[in-house]
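Student: Mind having a look at this structure? Questions to follow.
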Amino acid sequence: MKITTRVAATALTGVVALALTACGADGSAGNDTAGGDGNGQTSAGSTMRLALNQTEEHPSYVALANFGERLSEATEGRWQIDVFPNETLGAQQEALQLVSDGTVDLAIVSGTQLENLNSDFLVFNLPQVFDSVEHQMGVIHDQEIVGDLYTSLEDGSSITVLGGFTQGARSIYTNFGPVQTPADLAGKKLRVQESDLHIAMAEAMGASATPMAFGELYTGLQAGVVDAAENNEVSFFTQKHFEVAPYWSSTNHLVGLDYLVINSDLASSMSPEDRAVFDAEWTATHEEHTELWTTATEDAITQAEAGGATFTEVDEAAFREVLAPLADQFIENEVQRALYDAARTAAE
Ligand code: GCU
């Protein structure tokens, strides 16, 4: 199976159309002030809609809601952010399309989604590119390392990448028992994000890969459409996946990455002063998110255990070994190689 995403105007699904005509979370009527028109005009401000696929208790929601408050205060109400959690504006693939066509202003999307638009992004989705959250955050917010990557979608898709949030270390959880080594995944269906790299990752770990949107996973596990999934402890708990797949095995096979993306025309419509405030508050936001992450992970483990989940240490080296060849299999151009080498150099 080959995953491709086309960013094009699409018919809005009922749920998205409804959410877009609904009032914003603060009771405002949404984009009351016009955003950018792409012709270089400066916008006086806007209530920006931000699409998120996490719950309100997730650190990403908390940090983004705080971002909105600080931004509004610092711009005297000119720029506001309404965060729509729980895929209300659509799953990530759809949210990305909506940001591209300007219907939605901002979204948090996993790196796997951007890989489908520009394969250079896949470098940061490789299982062994980042050693830790700190390493990852340092690399992805280092302009010298990322170079033109974050502006590479502007011409074709009107999407600007602003930086990101960690997804922490991802591990495997199942509805059939702990997995100690890749051999325990033989014949099992493992849900992955919609990415060719992550399909190959699941297969390298011995499983049969099933790409699926995040919001479909609870019922997918419950109905046995898939036997297993891989994610961080925070999503395992906040999405209640532990109720239907309670066996967590600490493979720690990947430090995952989410990006904040904005419609490029809207971003360039901000006055230079407002853009500087926006950028400074966004930096404070991803720093806050990184701080929240450790505690959120500990809390998620405690609460999932209280709900019946089990956490098992595994032979991490056995998983590392089968995943090591993926970098050479997937890196196929000089830009990708340079990104990979720079990321690895930053780890040393
Ligand atoms: C994490 C990540 C999400 C992503 C999800 C997934 O929760 O933060 O952005 O969508 O994993 O596995 O789909």
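The values are calculated or read from the model by the stated rules, or taken from the named source; none is laboratory data. These figures come from a predicted structure and were not determined experimentally. Note that each Cβ is placed from the backbone with ideal geometry, even for glycine, and that neighbours are counted across all protein chains shown. Accessible surface is based on the protein model in full, side chains and every heavy atom, while ligands, DNA and RNA are left aside. Shrake-Rupley method; radii C 1.70, N 1.55, O 1.52, S 1.80 Å.
Student: Just to check your reading of the model, which residue among Ser195, Ser250, Ser208 is of a type in the set (Ser, Thr, Tyr), within 19 Å of Val123 (Cα to Cα) and either at pLDDT 95 or above or surrounded by 23 or more Cβ atoms within 10 Å (Cβ to Cβ) (or both)?
Tutor: Result: Ser195 is the single residue among Ser195, Ser250, Ser208 that is of a type in the set (Ser, Thr, Tyr), within 19 Å of Val123 (Cα to Cα) and either at pLDDT 95 or above or surrounded by 23 or more Cβ atoms within 10 Å (Cβ to Cβ) (or both).
Student: Let me ask you something else. Leu266 - would you say it is out of contact with any His (no Cβ under 7 Å at 6 or more places or on another chain), within 13 Å of the ligand (Cβ to nearest atom) and among the hydrophobic types (A, V, I, L, M, F, W, C)?
Tutor: It is false that Leu266 is out of contact with any His (no Cβ under 7 Å at 6 or more places or on another chain), within 13 Å of the ligand (Cβ to nearest atom) and among the hydrophobic types (A, V, I, L, M, F, W, C).
Student: Next up: In the range 124-152, how many residues are β-branched (Val, Ile, Thr), under 18 Å from Ala169 (Cα atoms), part of a helix (DSSP H, G or I) and out of contact with any strand residue (DSSP E or B) (no Cβ under 7 Å at 6 or more places or on another chain)?
Tutor: Residues that pass the stated criteria total 1.
Student: Residues in the range 69-112 that are in a loop (DSSP other than H, G, I, E, B) and under 25 Å from Thr166 (Cβ atoms): how many?
Tutor: Matching residues across the range 69-112 total 9.
Student: Out of (1) modelled with pLDDT under 95; (2) in contact with a strand residue (DSSP E or B) (Cβ under 6 Å, 6 or more places away or on another chain); (3) buried (at least 20 other Cβ atoms within 10 Å of the Cβ), what's the single condition that is false for Leu106?
Tutor: Every condition holds for Leu106 apart from (1).
Student: Looking at the range 53-80, which of its residues are within 16 Å of the ligand (Cβ to nearest atom), open to solvent by 10 Å² or more (accessible area, probe 1.4 Å) and of a type in the set (S, T, N, Q)?
Tutor: Asn53, Gln54, Thr55 - these are the residues of the range 53-80 that are within 16 Å of the ligand (Cβ to nearest atom), open to solvent by 10 Å² or more (accessible area, probe 1.4 Å) and of a type in the set (S, T, N, Q).
Student: Can you confirm whether Thr297 is part of a strand (DSSP E or B) and out of contact with any Cys (no Cβ under 7 Å at 6 or more places or on another chain)?
Tutor: The answer is no for Thr297.
Student: Answer yes if at least one residue in the range 121-129 is out of contact with any Ser or Thr (no Cβ under 9 Å at 6 or more places or on another chain), over 19 Å from Val335 (Cα atoms), within 14 Å of the ligand (Cβ to nearest atom) and open to solvent by less than 10 Å² (accessible area, probe 1.4 Å), and no otherwise.
Tutor: There is no residue in the range 121-129 that is out of contact with any Ser or Thr (no Cβ under 9 Å at 6 or more places or on another chain), over 19 Å from Val335 (Cα atoms), within 14 Å of the ligand (Cβ to nearest atom) and open to solvent by less than 10 Å² (accessible area, probe 1.4 Å).
Student: Does Gly177 qualify as being away from the ligand (no atom under 16 Å from the Cβ), open to solvent by less than 10 Å² (accessible area, probe 1.4 Å), among the small types (Gly, Ala, Ser) and touching a residue at least 12 places away in the same chain (Cβ under 8 Å)?
Tutor: So Gly177 passes the test.
Student: For the range 51-66, what are the residues that are more than 18 Å from Asn232 (Cα to Cα) and within 13 Å of the chain's Cα centre (by Cα)?
Tutor: Passing the criteria: only Ala51.
Student: Just to verify a result, which residue in the range 215-225, among those that are open to solvent by less than 20 Å² (accessible area, probe 1.4 Å) and within 12 Å of the ligand (Cβ to nearest atom), is farthest from Arg320 (Cα to Cα)?
Tutor: Restricting to residues being open to solvent by less than 20 Å² (accessible area, probe 1.4 Å) and within 12 Å of the ligand (Cβ to nearest atom), the top hit is Gly220.
Student: Find the residue count for the range 255-280, including only residues that are within 23 Å of Gln92 (Cβ to Cβ) and over 17 Å from the mean Cα position of the chain (by Cα).
Tutor: 5
Student: Taking the condition open to solvent by 10 Å² or more (accessible area, probe 1.4 Å) and within 16 Å of the ligand (Cβ to nearest atom), does Glu87 pass?
Tutor: Yes; evaluated as a whole, the condition is true for this residue.
Student: Okay, moving on. Could you please let me know if Leu117 is away from the ligand (no atom under 14 Å from the Cβ) and in a loop (DSSP other than H, G, I, E, B)?
Tutor: In short, yes.
Student: Suppose we keep only residues that are hydroxyl-bearing (Ser, Thr, Tyr) and not in a loop (DSSP other than H, G, I, E, B) within the range 41-56. Which one would you say is farthest from Tyr218 (Cα to Cα)?
Tutor: Step by step, filter the range 41-56, then rank; the result is Ser46.
Student: Would it be correct to say that Phe319 is open to solvent by less than 10 Å² (accessible area, probe 1.4 Å), aromatic (Phe, Trp, Tyr), in the same structural domain as Tyr61 (by TED's automatic domain parsing) and more than 16 Å from the ligand (Cβ to nearest atom)?
Tutor: So Phe319 fails the test.
Student: To continue, here is another question. Looking at the range 140-159, can you tell me whether even one residue there is open to solvent by less than 30 Å² (accessible area, probe 1.4 Å), within 15 Å of the ligand (Cβ to nearest atom) and not aliphatic (A, V, I, L, M)?
Tutor: No: the range 140-159 contains no residue that is open to solvent by less than 30 Å² (accessible area, probe 1.4 Å), within 15 Å of the ligand (Cβ to nearest atom) and not aliphatic (A, V, I, L, M).
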